[in-house]
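The values are calculated or read from the model by the stated rules, or taken from the named source; none is laboratory data. Keep in mind it's a predicted model, so treat the numbers as computed, not measured. We place every Cβ from the backbone using ideal geometry, glycine too, and count neighbours over all the protein chains shown. Just the protein is used for accessible areas: all its heavy atoms, side chains included, with ligands, DNA and RNA removed. Shrake-Rupley method; radii C 1.70, N 1.55, O 1.52, S 1.80 Å.
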Amino acid sequence: MDGNSETSTGGAAMTLDAKIPAGPLVEKWERHKFEMKLVNPANKRKFHCIIVGSGLAGASAAATLAELGYNVECFCYQDSPRRAHSIAAQGGINAAKNYQNDGDSVFRLFYDTVKGGDFRSREANVYRLAQVSGSIIDQCVAQGVPFAREYGGNLTNRSFGGALVSRTFYARGQTGQQLLLGAYQALCRQIDAGNVKMFPRTEMLELVLVNGKARGIVVRNLVTGKISSHAADAIVLATGGYSNVFFLSTNAVGCNTTAIFRAYKKGALFANPCFTQIHPTCIPVSGDHQSKLTLMSESLRNDGRIWVPKKAGDKREPQAIPEADRDYVLERKYPTYGNLAPRDIASRAAKQVCDEGRGVGPSGLGVYLDFSEAISRLTEHTVRERYGNLFQMYEKITGENPYRMPMRIFPAPHYTMGGLWVDYNLMSNIPGLHVVGEANFSDHGANRLGASALMQGLADGYFILPYTLGHYFASTKPEKVDSSHAEFRKAEEEVRERLKKFLSIRGKRTTTSFHRELGQLMWNECGMSRTDASLRKALQRIPEIREEFWRNLDVLGSHDELNTSLERAGRVADFIELAELICQDALHRTESCGGHFREESQTEEGEALRDDDHFCYVAAWEHQGVGKPPSLHKEALQFENVHLAQRNYK
Amino acid sequence: MDLTLYVWRQKDAKDSGRLEKYPAKSIDPNMSFLEMLDVVNEGLIQQNIEPIAFDSDCREGICGTCSMTINGIPHGPERGTTVCQLHMRKFKDGDAIYIEPFRARAFPVLRDLITDRSAFDRIIQAGGYVSINTGGVPDGNAIPVPKVAQEEAMDAAQCIGCGACVAACKNASAMLFVSAKVSHLALLPQGAVERKRRVLNMVGQMDAESFGSCTNQYECEAVCPKEISVQFIARMNREYLQGRVLPEA
Ligand SMILES: Cc1cc2nc3c(=O)[nH]c(=O)nc-3n(C[C@H](O)[C@H](O)[C@H](O)COP(=O)(O)OP(=O)(O)OC[C@H]3O[C@@H](n4cnc5c(N)ncnc54)[C@H](O)[C@@H]3O)c2cc1C
Ligand code: FES
């Protein structure tokens, strides 16, 4: 029953115990809640926890833990916790409320998520996620999140990719913003009450272990450059995803991997790093100056139809192409799900038609997302009400009016299913180090369904971590450690040395030029599809980029001031090393599954072909030193409640 | 296109600051304004000049991090647009562009175009929330909310907290920001319970933060990237009056 483990390729033997509670799936969480130890309320104040990150996962965890009485410090790199990148989520959040009476249930949400993740997630975790999903909606409503409603005053829903029921709750096209503001406000209430100390514009640069336990962090104040140490009884990383390893992604320009990568270098296992998600509906790249890519919410696929010309090289204006000459790719290939096919499938379909020379727009890297049929069926007014802000955003960026012209879209890196390995309690293999939200690997397998990341972040922060962290405190007696401990001095010194190194190279290339080069390489060789040859090519090139980075980087200014180039240099240094790890993971996993598409492993129709005999496991990597191959630990995945099947969305 | 930039450079909070002139050459009209600055910065680094420091994160108009005043207008000339969403096609070849930080006493400059807007966080901390803990709340559909109220609450809740309203106001008043949060929560049954306490506390904090008072110039609404309406200021004034006259029992 327990996620058993095995260790291969070097490295000390390590037991990877997922700590999945015994008992039937539906009872595991209830039973575990009962069996977990509780902390005496009078003692909670004495337990100190550090939360790095103030997105949905971090803010909800910080607020809830503080409400329970724990002593919390929370950190973010933005100038305000309200600006974490969760703010940018557009489409919505899933919950198995079955308000629409269309056949949804906890089991169906669980099933859709496991299947959507291409059977590479833990059943027990996903089931728990579906179980608590309803409470999230209740909580957010009570906080004043203005979810969309019907005239009768009830909450309304929309459908999202990978599901045939309507279970997605939304607040116009700004769901992430409204959910984050709810969590941020709860956090503000605790800051005001003196239960949380908030450190904005403060970046975690090192994790500190004392006697094998996570006991603190070293941070840099991004305004003054001051380096300082913070000690605690438990550390929670809620630092988001690492899609910016591709340079261009839908993430904010500041999103980074530093916190989890530093932890990886201190011994935390990195699970399934190659499970990255390419989102099908983003605005295409317009030129070399591009600094990020903008997502057009997947909810647009409810009413927009994806098509390309049937003939390669058809350069006519879209309106001039008659129906008979159009190929509605997804509707043709996947009649049941049509335009709502899951993201990995929709992205690959777009890549395929572009590879065939049927892509649209100046670069030929785009497909149409057409609303003309929806506008005539529903009226322009209704379409505006549903997607107004998205259409406006599209027009601002491209200068084209999507009410008149079909949108042009193309896939872009968006979400990372991989992350630090955690057990059922959301604790990594380092005692005391917990990881929540996009930063962990836990619930989405090899592909995340739309509207499920917000659900997971808030489930972790509001309803799971507050229980499991209490259990950790109650069952381990953390010895007294404060930031005067020698380990902190050592870590601070390492951080200072590193910063000085960046500033002393004085080479010829900017941080951005390295980041852009790395991103291009990753997109070409380890992007929407991967091959043995492409990955070997990347693995040859990345160490060369790394070597040049440390020899030829140019960062101006000093470390004891606000220095945005210096911040970026540290992040890019970590991305370069992470890129290598991603490619190693992708190379070892010779099957295709979800977002990880190995060209060598496909069905006759070109769909991802899993290899359950050899790869039905979580690949958790242990750092062995820069430039050295990491060692692999496997957590076998067992499916007792869903049947392992080839995904079929036809 | 080729442009001439006049950019505010200020080393830190203590420095007095000055405008520096930089050419911006071969700018693609499809670039966003911040991408144009990225390109200029890459050029500056090559010439051994420290890059222009400016704040940005999401670059899609929702996080409220980006903040600068372009030719005297916070977020620049396009209505309803943050500077990260402003594109160079809105400018002409040969234009001179003046770029300065948001100016307000409550938003001290930290470096170049970066300011400290933490006063906004402290206003929310003073009461911009519903005082409930996690758990123990009723079902999401237990309390029906009229669609009109929900839509109006959403109009207010869209505020991204960028501070353009303050920067545009000659009194540097934060009324639009504060009224948006007060209105969002007061319009919903879940937030209405403590509406009086909330408005008094938030306005009290606003006054403590050296923001100016509102003299109904409506410059705030004109520059708000989310086009939040000044009608919320009127609503807050009513809320405030009721809070003063009829305090909570
Ligand atoms: C454009 C876009 C649209 C999306 N739309 C949807 C959607 O409709 N539905 C859905 O379910 N999901 C959506 N997602 C995914 C979802 O938004 C994210 O997965 C989720 O919000 C991540 O939340 P988080 O709390 O884990 O991380 P984040 O919100 O990214 O927060 C990370 C936090 O960590 C902090 N941090 C990071 N590194 C450090 C460091 N070194 N030191 C200090 N602090 C640090 C940051 O300051 C920030 O506070 C979308 C994602 C994007 C990019
Ligand atoms: S950078 Fe987020 S709003 Fe401009």
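Answer yes if at least one residue in the range B:12-23 is surrounded by fewer than 20 Cβ atoms within 10 Å (Cβ to Cβ), touching a residue at least 60 places away in the same chain (Cβ under 8 Å), more than 10 Å from chain A (Cβ to nearest Cβ) and under 28 Å from residue A:224 (Cβ atoms), and no otherwise. Yes: the range B:12-23 contains one or more residues that are surrounded by fewer than 20 Cβ atoms within 10 Å (Cβ to Cβ), touching a residue at least 60 places away in the same chain (Cβ under 8 Å), more than 10 Å from chain A (Cβ to nearest Cβ) and under 28 Å from residue A:224 (Cβ atoms).
Checking the structure you have, find out if any residue of the range A:366-383 is assigned by TED's automatic domain parsing to the domain that holds residue A:288, under 25 Å from residue B:88 (Cα atoms) and among the small types (Gly, Ala, Ser). Within the range A:366-383, one or more residues are assigned by TED's automatic domain parsing to the domain that holds residue A:288, under 25 Å from residue B:88 (Cα atoms) and among the small types (Gly, Ala, Ser). In a residue-by-residue description of the range A:149-159, the property of being crowded, with 24+ Cβ neighbours inside 10 Å and β-branched (Val, Ile, Thr) applies to no position. Taken over the range A:157-182, the residue count meeting the criterion of being within 10 Å of chain B (Cβ to nearest Cβ) and of a type in the set (A, V, I, L, M, F, W, C) is 4.
In the range A:57-106, the qualifying residues are those that are out of contact with any helix residue (DSSP H, G or I) (no Cβ under 8 Å at 6 or more places or on another chain) and farther than 20 Å from residue A:188 by Cβ, and the one that is surrounded by the most Cβ atoms within 10 Å (Cβ to Cβ) is A:104.
Specify which of the listed residues (B:52, B:99, B:27) is within 16 Å of ligand 2 (Cβ to nearest atom), open to solvent by less than 50 Å² (accessible area, probe 1.4 Å) and more than 20 Å from residue A:566 (Cβ to Cβ).
Working: B:52 fails: more than 20 Å from residue A:566 (Cβ to Cβ); B:27 fails: within 16 Å of ligand 2 (Cβ to nearest atom).
Matching residue, one of B:52, B:99, B:27: B:99.
Entry remark, the range A:98-125: residues being over 14 Å from residue A:160 (Cβ atoms) and either within 14 Å of another protein chain (Cβ to nearest Cβ) or under 16 Å from the mean Cα position of the chain (by Cα) (or both) number 6 in total.
Filtered by the rule that a residue be outside any loop (DSSP other than H, G, I, E, B) and open to solvent by 10 Å² or more (accessible area, probe 1.4 Å), the range A:311-326 gives A:319, A:320, A:323, A:324, A:325, A:326.
Among the residues of the range B:2-30, those that are in a loop (DSSP other than H, G, I, E, B) and either in contact with a Gly (Cβ under 7 Å, 6 or more places away or on another chain) or not assigned by TED's automatic domain parsing to the domain that holds residue B:100 (or both) comprise B:2, B:10, B:28, B:30.
Looking at residue A:88, is it among the hydrophobic types (A, V, I, L, M, F, W, C), within 16 Å of ligand 2 (Cβ to nearest atom) and either at pLDDT 95 or above or under 30 Å from residue A:612 (Cα atoms) (or both)? Before you say what the answer is, go through the steps one by one.
Values: among the hydrophobic types (A, V, I, L, M, F, W, C): yes; within 16 Å of ligand 2 (Cβ to nearest atom): yes; either at pLDDT 95 or above or under 30 Å from residue A:612 (Cα atoms) (or both): yes.
Yes, satisfied.
Looking at the structure I just gave you, is residue A:235 more than 11 Å from ligand 1 (Cβ to nearest atom), open to solvent by 10 Å² or more (accessible area, probe 1.4 Å) and of a type in the set (A, V, I, L, M, F, W, C)? No; evaluated as a whole, the condition is false for this residue.
From the list B:44, B:34, the lone residue that is without any contact (Cβ under 8 Å) to a residue 24 or more places away in the chain, open to solvent by less than 10 Å² (accessible area, probe 1.4 Å) and at the interface with another protein chain (Cβ under 9 Å from one of its Cβ atoms) is B:44.
Please find, within the range A:440-496, the residue that is nearest to residue A:131 (Cα to Cα) out of those that are among the hydroxyl-bearing types (Ser, Thr, Tyr) and surrounded by fewer than 20 Cβ atoms within 10 Å (Cβ to Cβ).
Step one: list which residues in the range A:440-496 are among the hydroxyl-bearing types (Ser, Thr, Tyr), which gives A:442, A:452, A:462, A:467-468, A:472, A:475-476, A:483-484.
From what's left, surrounded by fewer than 20 Cβ atoms within 10 Å (Cβ to Cβ): A:467, A:475-476, A:483-484.
Working: A:467: 15, A:475: 26, A:476: 28, A:483: 39, A:484: 43 Å.
Here the answer is A:467.
With respect to the conditions (1) within 14 Å of chain B (Cβ to nearest Cβ); (2) part of a loop (DSSP other than H, G, I, E, B); (3) open to solvent by less than 10 Å² (accessible area, probe 1.4 Å), residue A:274 lacks only one, and its number is (1). Every listed requirement among (1) over 24 Å from the mean Cα position of the chain (by Cα); (2) open to solvent by less than 10 Å² (accessible area, probe 1.4 Å); (3) free of Cβ contacts under 8 Å to residues at least 40 places away in the same chain is met by residue A:602 save one, (2). Scanning the range B:125-174 for residues that are polar (S, T, N, Q), crowded, with 16+ Cβ neighbours inside 10 Å and touching a Lys or Arg at 6+ places or on another chain (Cβ under 7 Å) gives B:150, B:158.
Kindly indicate which of B:129, B:98 is assigned by TED's automatic domain parsing to the domain that holds residue B:166 and under 29 Å from residue B:213 (Cβ atoms). It would help to see each step written out before you state the result.
Numbers: B:98 fails: assigned by TED's automatic domain parsing to the domain that holds residue B:166.
Only one candidate qualifies: B:129.
Residue B:38 fulfils the conditions (1) more than 16 Å from ligand 1 (Cβ to nearest atom); (2) charged (D, E, K, R); (3) within 18 Å of residue A:201 (Cα to Cα) except for a single criterion, (3). Taken over the range A:58-83, the residue count meeting the criterion of being assigned to a helix (DSSP H, G or I) and in contact (Cβ under 8 Å) with a residue 60 or more places away in the chain is 13.
Could you list, in sequence order, all residues of the range A:528-555 that are at pLDDT 95 or above and open to solvent by less than 20 Å² (accessible area, probe 1.4 Å)?
Step one: of the range A:528-555, the residues at pLDDT 95 or above are A:530-555.
A:530, A:534, A:535, A:538, A:542, A:545, A:549, A:553, A:554, A:555, listed by residue number.
Is it the case that some residue within the range A:294-310 is in a loop (DSSP other than H, G, I, E, B) and outside the structural domain of residue A:330 (by TED's automatic domain parsing)? No, there is no match, as no residue in the range A:294-310 is in a loop (DSSP other than H, G, I, E, B) and outside the structural domain of residue A:330 (by TED's automatic domain parsing).
For the range A:188-198, what are the residues that are over 17 Å from residue B:201 (Cβ atoms) and either more than 9 Å from chain B (Cβ to nearest Cβ) or in a helix (DSSP H, G or I) (or both)?
As a first pass, look at the range A:188-198 and keep what is over 17 Å from residue B:201 (Cβ atoms): A:195-198.
Result: A:195, A:196, A:197.
The residue list B:66, B:58 contains one member that is within 17 Å of the chain's Cα centre (by Cα) and either at the interface with another protein chain (Cβ under 8 Å from one of its Cβ atoms) or at pLDDT below 95 (or both), which is B:58.
Restricting attention to the range A:160-183 and to residues that are near ligand 1 (Cβ under 10 Å from one of its atoms) and among the hydroxyl-bearing types (Ser, Thr, Tyr), the residue that is nearest to residue B:181 (Cα to Cα) turns out to be A:175. Evaluating residue A:213 against the criteria (1) out of contact with any Phe, Trp or Tyr (no Cβ under 6 Å at 6 or more places or on another chain); (2) more than 12 Å from every other protein chain (Cβ to nearest Cβ); (3) within 11 Å of ligand 1 (Cβ to nearest atom); (4) open to solvent by 10 Å² or more (accessible area, probe 1.4 Å) leaves one unmet condition, (3).
Against the test of being within 16 Å of ligand 2 (Cβ to nearest atom) and more than 14 Å from every other protein chain (Cβ to nearest Cβ), the options B:222, B:234, B:167, B:172 yield a single qualifying residue, B:167.
Being more than 10 Å from chain B (Cβ to nearest Cβ), within 14 Å of ligand 1 (Cβ to nearest atom), over 19 Å from residue A:446 (Cα atoms) and surrounded by 24 or more Cβ atoms within 10 Å (Cβ to Cβ), is that true of even one residue in the range A:242-256?
At the first step, the residues of the range A:242-256 found to be more than 10 Å from chain B (Cβ to nearest Cβ) are A:242-249, A:256.
Within this subset, residues satisfying the condition of being within 14 Å of ligand 1 (Cβ to nearest atom) are A:242-246, A:248-249, A:256.
In the following step, the residues that additionally are over 19 Å from residue A:446 (Cα atoms) were identified as A:248, A:256.
Filter again for surrounded by 24 or more Cβ atoms within 10 Å (Cβ to Cβ), leaving A:256.
Scanning the range A:242-256 turns up at least one residue that is more than 10 Å from chain B (Cβ to nearest Cβ), within 14 Å of ligand 1 (Cβ to nearest atom), over 19 Å from residue A:446 (Cα atoms) and surrounded by 24 or more Cβ atoms within 10 Å (Cβ to Cβ).
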